[in-house]
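The values are calculated or read from the model by the stated rules, or taken from the named source; none is laboratory data. Every value quoted in this text rests on a predicted model; they were computed, and no experiment measured them. Backbone-built Cβ (ideal geometry, glycine too); neighbour counts: all protein chains shown.
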């Protein structure tokens, strides 16, 4: 009983620390990122910067860590809390439910990495591949939300409007892939190395109900996000 209470409190403390780090970094770095590089690409007749810098990687990495270290409810509580708290100061995006559910998906993928026992240096390519996959899922999903709610921005409900939306999103997607892959290599891979040699990651018990809720929440948020677009 005492051990279970200790582990529960430890989990809460780590969760609060991850939320605090995410909120502080997102608020501090907001408006202080360097200008996007003056490197341009032309795709589908549209010329735009190759990279559009934003703070996606901050919440993405913490989302992965929440799944890897804490699992369960924390895979969605932590990223949603970071976004909700920091958005009070920074401001919200009108596709916030798409963003929240997107980060919940990333957290879930981090949890799956741990459950599948692939957190080892030997599995680094797999870890990087799943990390890249989670980024792509996030961008595909959130840009789908932009297209669904974007007639006022010139995105018509046609294949042309769909292609235009994703073409304009490419600089953000490329930056998300680059920044988050670097962050995975710089933060998560060293943690895994330390885990194998010195550091023992805490093992928290995830009961069946919590496991099912963890999987269900991103799906529920995705459904609500689509409904809210047309509400």
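Here are the numbers:
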quantity: Total residues in segment 30-61, condition in contact with a helix residue (DSSP H, G or I) (Cβ under 7 Å, 6 or more places away or on another chain) and closer than 25 Å to residue 131 by Cα; calculated: 14
quantity: Number of the exception - residue 175 against (1) touching a helix residue (DSSP H, G or I) at 6+ places or on another chain (Cβ under 6 Å); (2) buried (at least 18 other Cβ atoms within 10 Å of the Cβ); (3) within 20 Å of residue 46 (Cβ to Cβ); (4) modelled with pLDDT under 95; calculated: (1)
quantity: Residue 77 part of a helix (DSSP H, G or I) and at pLDDT 95 or above; calculated: yes
quantity: Matching residues, segment 205-218, being free of Cβ contacts under 8 Å to residues at least 60 places away in the same chain and in contact with a helix residue (DSSP H, G or I) (Cβ under 8 Å, 6 or more places away or on another chain); calculated: none
quantity: Test: residue in segment 188-206 that is surrounded by 15 or more Cβ atoms within 10 Å (Cβ to Cβ) and within 30 Å of residue 44 (Cα to Cα); calculated: no
quantity: Counted residues, segment 43-62 - those being closer than 30 Å to residue 111 by Cβ, in contact (Cβ under 8 Å) with a residue 60 or more places away in the chain and part of a loop (DSSP other than H, G, I, E, B); calculated: 4
quantity: Test: residue in segment 121-129 that is crowded, with 24+ Cβ neighbours inside 10 Å and either modelled with pLDDT of 90 or more or closer than 18 Å to residue 23 by Cα (or both); calculated: no
